[in-house]
C-alpha cells in the first residue's frame with residue numbers, strides 16, 4: 001500500500017510539474033524591443049511619403065533585419081515602388097531610389113572621390129552645399145565653384161555610410177565641366193564654407 005501511495009504521489013507531482021511547465025511555455029511573452037517604421041494607412045504605388053503617412057511600431061527581434069527603417073526621417077520624401085497597406089513595414093525594397101540621380105533642370109551632375117582626409121575630418125549631408133577646389137600639380141589653387149551634394153557613398157558604393165568615399169554632386173553645367181576637365185591634372189578638394 002505504501003508503494004502505491006508513493007507512485008500516486010509521484011504521478012501527481014509529475015503531472016503538476018508538467019502542467020506548470022506547459023503553462024510557462026504558452027504564456028511566454030515575445031519581447032518587442034525593435035521599433036521600426038510602418039505605414040499609418042494604405043498608400044498606392046508611386047505615392048510620395050510624408051510624415052503623416054508613417055508610424056513607429058514594435059516588432060519582435062526575430063523578424064527585424066537591416067532593410068527596415070528605424071527613423072521616419074529616413075523614409076519621408078521617398079516614393080513607394082509598390083502599393084502598401086496599412087501597418088505594412090517600410091523596407092528599402094519597397095521604396096524607389098530618390099531622384100538624386102536626375103539633375104535638376106538646367107543643372108548637371110558628376111561624382112567626386114573624397115581624399116582620406118576629407119573622409120575622416122568632416123561630415124556632409126545630402127542637400128548641403130560645398131565648394132570644389134582644384135589644386136594642380138604645381139600646387140596652384142583654383143576655386144571651381146559651389147555644388148550641391150546629391151548622394152553620399154562608401155567604398156562599396158553603399159549609401160548611409162559613416163565613412164563616405166564618394167559624393168554625387170550637382171551644379172551648373174560650366175562648373176561640372178571644369179570639375180571633369182580638372183581630373184587627372186592635380187587633385188580635387190571639397191571644402192565647407194560658412195556664409196557670414
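The values are calculated or read from the model by the stated rules, or taken from the named source; none is laboratory data. Keep in mind the model is a prediction, meaning the values are calculated, not measured. For neighbour counting, all protein chains shown are included, and Cβ atoms are generated from backbone atoms with ideal geometry for every residue, glycine included.
When segment 87-97 is filtered for residues that are part of a strand (DSSP E or B) and at pLDDT below 85, the ones remaining, listed by number, are 95, 96.
The conditions of being within 30 Å of residue 66 (Cβ to Cβ), surrounded by fewer than 17 Cβ atoms within 10 Å (Cβ to Cβ) and modelled with pLDDT under 90 are met by residue 126. Here's a check for you: in segment 187-196, which residue that is under 23 Å from residue 139 (Cα atoms) and surrounded by fewer than 17 Cβ atoms within 10 Å (Cβ to Cβ) is modelled with the lowest pLDDT? Per the criteria, the residue is 193.
Could you list, in sequence order, the residues of segment 45-87 that are over 18 Å from the mean Cα position of the chain (by Cα), loosely packed, with under 11 Cβ neighbours inside 10 Å and closer than 27 Å to residue 126 by Cα? Passing the criteria: only 52.
Mind listing whichever residues of segment 133-169 are within 31 Å of the chain's Cα centre (by Cα), at pLDDT below 90 and part of a strand (DSSP E or B)? Across segment 133-169, the qualifying residues are 133, 148, 149, 150, 151, 152, 153, 166, 167, 168, 169. Within the option set 84, 39, 70, being on the phi < 0 side of the Ramachandran plot and at pLDDT 90 or above holds for one residue only, 39.
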